[in-house]
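Presented below is the structure to which this report refers.
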Amino acid sequence: MFSKIMSYALQGLEGVAVEIESDVAKGLVAFDMVGLPDAAVKESKERVRSAVKHSGMFFPMGKITVNLAPADIKKEGSHYDLPIAISILKAADEISAPTDGVIFLGELALDGELRPVTGILPMLIAAKAEGFKRFVIPSKNANEASYIEDTEVYALCSLKETVEFLKGEKTFNPVPHRSFAAAQSSRTYNYDLSLVKGQKVAKRALEIAVAGGHNILLSGPPGTGKTLLARCIPTIMPDMTFEEALEVTKIHSVSGELSEEGIVALRPFRSPHHTATTVSLCGGGNSKLRAGEISKAHKGVLFLDELPEYSRQALESLRQPLEDRVITITRAGGAVTYPADFILCASMNPCPCGNLGSAYKTCTCTPSQIQRYRSKISGPLLDRIDLQVEVDGVEYDDLASDTKEESSAAVKQRVERARAIQRERFRGEGISVNANMGERQIKKYCKLSKECEDILRQAFETLHLSARARSRIIKVARTIADLQLSAEILPEHVLEAAGYRSWEAQL
Amino acid sequence: MTEYSPAELAVILFDSMRDISAAFRRALRANPEDFVKQSFELIKTHGGGVYNKVKALFYDGDYRREVLGGLDKRGVKCVTYFSKQYPPSLKRIPDPPAALYVKGDTSLLSRRLFAVVGSRRTSPQAIALCRRISESLCSQFAVVTGIADGADTAAAEGALKGGGAVCVLPYGCDYAYPAMNKRLIDEIAGKGLAVSEYPPQTDVRAYRFPERNRIIAGLCEGGLIVSAGEKSGALITAEKLAEYGKKVFAFPYTPGIQTGAGCNALIKRGAKLCDSEKDIFGEFGLSFGGRKSDLSEEEAKLLKTIRAMGEVFVPTLADKTGTPVYMLLPLLSSLEIKGFVARLGGNRFSAV
């Protein structure tokens with residue numbers, strides 16, 4: 001007998017329909033699997049055999065051939081267990097109920113229980129786009145699937161339940177649809193700007209960075225709160241839309257990092273350690289091309305603490321994704337594109353001894369030592385970091401702690417207003433924030449008055465800015481003007497922008 | 001090819017043969033009129049091999065063309081002991097250089113010269129003040145400095161802006177140390193004057209720094225020590241300035257600041273305390289026009305507050321003045337650009 005069951009494969013974030021064909025023929029007992037299965041898929045033979053047995057059904061005797069079509073795509077992961085089992089049972093006439101139009105996804109335990117798998121969301125979305133409406137998935141993946149509308153998803157506990165469901169012996173209710181808004185409002189960030197005492201300059205810079213989508217570098221002595229500030233960035237970013245959340249959830253689902261919740265409702269904050277390799281940052285791997293930290297930070301914040309400690313190679317690999325907002329990972333086995341649209345927040349000490357600018361300790365570095373330390377960060381990478389800010393060299397206790405600090409919500413409001421202005425301005429340009437402006441757009445949207453030009457020229461002469469700093473300052477000035485609801489870039493905007501260049505500050 | 005007189009040529013040739021330089025310098029100091037003959041006499045003491053080699057090279061036309069061609073190729077001119085441009089003040093020091101290899105505007109050597117030097121570790125306030133004073137000094141003097149990081153670099157930058165930068169290098173012009181100052185040296189050679197006692201191929205050696213300091217001291221009518229630790233090289237310059245009877249000025253420092261201990265020690269020993277260009281101009285009986293100030297009302301008010309508070313953090317300033325940070329930052333930037341405040345790092349500012 002012959003049977004055909006539908007399942008899905010993932011290539012990066014793209015789902016591809018996979019047909020699982022089984023044939024049970026008379027002959028010597030054998031179980032062959034063809035169609036480019038990887039190790040995890042090949043091992044499913046044993047799981048399927050045991051699961052069927054423990055679910056109270058007969059595993060057919062004879063020559064069993066399972067084919068995973070299309071045969072030229074590599075099949076990875078453990079979610080083929082369930083469709084393979086169903087397919088074999090159907091070929092062996094254990095089940096005769098129709099299975100057309102149903103997608104099966106799930107890993108089997110030896111006792112027939114269904115175990116959760118990764119990548120449910122992107123597979124569901126892809127299958128839905130191709131017209132599939134009914135799905136059988138493990139019950140532990142139910143939350144993840146519940147945000148997709150217009151589908152009938154059955155989250156079942158075991159192979160036995162699946163068979164009962166197919167035969168109609170028991171009725172199961174599809175997973176109820178959940179609204180994203182509810183999920184979003186139920187989650188809150190653990191941090192808030194109001195927790196950060198003082199640091200007014202840095203807070204202002206964060207607001208500008210988020211408003212214009214600028215990357216930001218915080219520099220300051222150790223223990224002055226750079227990390228805390230960075231953690232507050234997601235809290236002042238506009239709420240994610242459902243589409244954005246789905247995109248992010250897809251990546252986290254494929255990486256197997258999705259929480260109970262089933263959807264990433266809050267903007268991600270990723271802070272890889274500075275021993276991170278290029279592959280762990282950008283993504284890659286031998287057989288399965290996994291998403292890297294930059295993709296997991298999609299629509300959120302990538303925080304690189306102690307920037308100069310990262311390997312040069314790892315840092316340089318960030319240049320292209322910072323520009324293109326996606327990363328294409330190419331290996332012998334194929335190429336995969338992951339989105340990588342994040343705000344880069346980096347932090348570093350101002351000098352090797354760390355005390356430059358500290359109110360308590362004296363810096364013992366010479367200018368050339370500082371220069372050497374800073375030159376670990378290449379110019380092209382620096383070009384992509386628009387704001388370079390110093391944090392106050394004071395510990396919090398020293399600052400008047402009775403003052404009421406502004407909350408993240410208040411800042412977020414201003415950020416959203418500025419973002420709206422930018423969306424309006426860049427309609428049809430293919431970008432949505434000031435940071436993504438190219439030279440042409442800077443010319444078009446950032447006209448400087450003569451007064452501003454004079455200030456800029458004077459700033460370059462006196463402060464010894466590099467030519468590279470120019471477009472950075474103009475872009476930031478544009479964002480400051482947007483925050484101040486000013487259509488024109490005014491002198492004070494340029495002056496303030498010129499202040500966020502601690503990197504080039506004289507040594 | 002630049003034309004040199006026979007005496008100048010002899011100095012250049014002897015100077016190009018580094019292994020005999022001590023002998024020929026002695027001859028030059030003892031008897032400038034007949035130093036060629038005297039030199040050969042002294043070189044004889046080195047032994048026949050050296051003597052014959054030197055003599056052969058000295059009269060070899062190819063070698064002569066190679067040395068002079070090398071200078072021309074690099075755009076270096078040689079001002080020797082016998083040249084008209086040789087600064088008379090240098091002839092008065094005990095160990096005058098036989099030749100100065102110069103690149104840039106030679107006429108600066110005939111201006112009044114004043115030294116501004118300091119240590120590599122210099123606080124941002126001192127850097128900012130040093131830059132400003134160097135610029136102002138250029139109305140009367142050309143500013144002579146070394147080319148180390150920190151104070152020297154600031155002095156050179158200020159002087160470049162004022163249009164009178166002279167820097168004395170402790171190595172030949174083929175080198176740059178630290179390498180990151182190459183750009184600055186090139187700029188000085190273009191708009192000011194880079195001077196070295198050493199032929200272009202001379203590399204960087206620690207002992208040449210004090211040798212160089214004596215030239216800075218010898219050239220100038222006086223010198224300002226911007227910053228100096230207890231064992232700073234800037235103190236050698238100060239020592240030499242005093243030895244040659246020149247005026248020494250030093251910035252005052254709060255006790256306990258390491259980078260200022262040397263300056264305070266100098267003041268204790270009679271150096272003149274200097275905290276603005278007026279002190280220097282006054283000492284030389286020159287008038288100083290004062291600083292141009294085109295501050296807006298708000299900027300002037302803020303500057304007054306900063307002056308009253310000393311070193312101040314931006315948030316403290318915001319609390320004190322009741323101005324939100326986003327309004328303070330542009331004002332501070334503007335004051336910094338105009339040179340009235342210095343950024344000390346960690347969002348601290350101080351008036352200059």
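Annotations for the structure displayed:
- For chain B, the relative contact order works out to 13 percent when only alpha carbon pairs closer than 8 Å and six or more residues apart are counted.
- Longest exposed-site-free window of chain A, the sites being chymotrypsin sites (Phe, Trp or Tyr not before Pro) in a DSSP loop that have at most 11 other C-beta atoms within 10 Å: A:59-359
- Cα-centre dipole for chain B with unit charges at Cβ (Lys and Arg positive, Asp and Glu negative), debye to 20: 400
- Coordinate range along principal axes, alpha carbons of the protein assembly as shown, Å, largest first: 121, 72, 47
- Taking 17 Å as the straight-line reach from the Cα of A:Lys74, the aspartates and glutamates in range (excluding those fewer than 8 positions away in the same chain) are A:Glu14, A:Glu19, A:Glu21, A:Asp32, A:Asp38, A:Glu43.
- Solvent-accessible area assigned to carbon and sulfur over chain A amounts to 50 percent, based on a 1.4 Å probe.
- A straight Cα-to-Cα reach below 23 Å connects B:Lys268 with the lysines B:Lys231, B:Lys240, B:Lys246, B:Lys247, B:Lys278, residues fewer than 8 places away in its own chain not being considered.
- Of all aspartates and glutamates in the structure, the ones whose alpha carbon falls short of 12 Å from that of A:Lys299, not counting any fewer than 8 places away in one chain, are A:Asp239, A:Glu243, A:Glu244, A:Glu247, A:Asp341.
- Accessible area per residue (1.4 Å probe, heavy atoms of protein chains only) ranks A:Leu266, A:Leu281 as A:Leu266, A:Leu281, with the largest value leading.
- Overall, the accessible surface of chain B at a probe of 1.4 angstrom is composed of carbon and sulfur to the extent of 51 percent.
- Shape category assigned to segment A:185-504 from the gyration tensor of Cα positions, a/c cut at 1.5: rounded
- Each chain gives up part of its surface: B and A jointly bury about 2800 Å² of accessible area, both sides summed, for a 1.4 Å probe.
- Out-of-range pairs (alpha-carbon distance over 23 Å; input A:Lys475/B:Lys304; A:Lys90/A:Lys170; A:Lys226/A:Lys250): A:Lys475/B:Lys304; A:Lys226/A:Lys250
- Relative contact order (%) - segment A:104-206, alpha-carbon pairs under 8 angstrom, separation at least six: 22
- For chain A, the cysteines with no partner cysteine C-beta closer than 4.7 Å are A:Cys157, A:Cys232, A:Cys282, A:Cys345, A:Cys353, A:Cys363, A:Cys446, A:Cys452.
- Around the Cα centre of segment A:347-468, unit charges on the Cβ atoms of Lys, Arg, Asp and Glu (plus for the first two, minus for the last two) sum to a dipole of about 840 debye.
- From phi via Karplus (6.51, -1.76, 1.60), per-residue ³J(HN,Hα) for segment A:250-265 in Hz, x at Gly/Pro: 3, 4, 5, 5, 4, 7, x, 10, 6, 7, 2, 3, x, 8, 8, 8
- Dipole magnitude of segment A:185-504, debye to nearest 20 (Cβ charges: Lys/Arg +1, Asp/Glu -1, about Cα centre): 840
- Trypsin sites (Lys or Arg not before Pro) within segment B:1-110: DSSP coil, no more than 14 neighbouring Cβ in 10 Å: B:Lys84, B:Arg92
- Degrees separating the helix A:120-129 axis from the principal Cα axis of chain A, which is the longest one: 80
- From helices alone, chain A scores -10000 deg cm²/dmol at 222 nm; the rule is -39500 (n - 2.57) for each run of n ≥ 4 DSSP H residues, then divide by the residue total.
- The antiparallel fraction among DSSP beta bridges confined to the protein assembly as shown stands at about 45%.
- 1.4 Å probe, heavy atoms, protein only - residues of segment A:362-377 losing at least 20 Å² accessible area vs chain alone: A:Thr364, A:Thr366, A:Pro367, A:Ser368, A:Gln371
- Pairwise centroid distance, computed over Cα atoms, of segment A:98-130 with segment A:281-340, Å: 28
- Cross-link pairs A:Lys200/A:Lys450; A:Lys133/A:Lys167; A:Lys361/B:Lys272 - those with Cα-Cα distance over 21 Å: A:Lys200/A:Lys450; A:Lys361/B:Lys272
- Rel. contact order, % - alpha carbon contacts under 8 angstrom, at least six apart, segment B:1-117: 27
- The spacing between segment B:1-63 and segment B:142-208, judged by their C-alpha centroids, is 28 Å.
- Crossing angle, helix B:325-337 versus chain B [Cα axis fit, 0-90 degrees, rounded to tens]: 30
- Calculated accessible area for the protein assembly as shown comes out at 42 Å² per residue, all protein chains present (probe 1.4 Å; ligands, DNA, RNA ignored).
- Three-way shape label, segment B:297-351, alpha-carbon gyration tensor, a/c 1.5: rounded
- Between segment B:239-276 and segment A:25-55, the alpha-carbon center distance in angstrom: 89
- Overall form of chain B per C-alpha gyration tensor (a/c, 1.5; a/b vs b/c): prolate
- Subset of A:Lys376/A:Lys412; B:Lys91/B:Lys182; B:Lys53/B:Lys103 violating a 32 Å alpha-carbon distance limit: A:Lys376/A:Lys412
- Share of pairwise Cα-Cα distances greater than 18 Å in segment B:211-273 is 25 percent (whole percent).
- Extreme residue, positive dipole direction of the protein assembly as shown, given options A:Val411, A:Pro367, B:Gly70 (C-beta unit charges): B:Gly70
- Between 0 and 90 degrees, the angle of helix A:408-425 with respect to the longest Cα principal axis of chain A falls at about 90 degrees.
- Qualifying chymotrypsin sites (Phe, Trp or Tyr not before Pro) in segment B:11-74, where qualification requires a DSSP coil assignment and no more than 16 other C-beta atoms within 10 Å, comprise B:Tyr59.
The values are calculated or read from the model by the stated rules, or taken from the named source; none is laboratory data. These numbers come from a predicted model, not from an experiment. Quick reminder, even Gly has a Cβ in these numbers, built from the backbone with ideal geometry, and neighbours come from all protein chains shown. Keep in mind that these areas ignore ligands, DNA and RNA; they rest on the heavy atoms of the full protein, side chains included. Shrake-Rupley method; radii C 1.70, N 1.55, O 1.52, S 1.80 Å.
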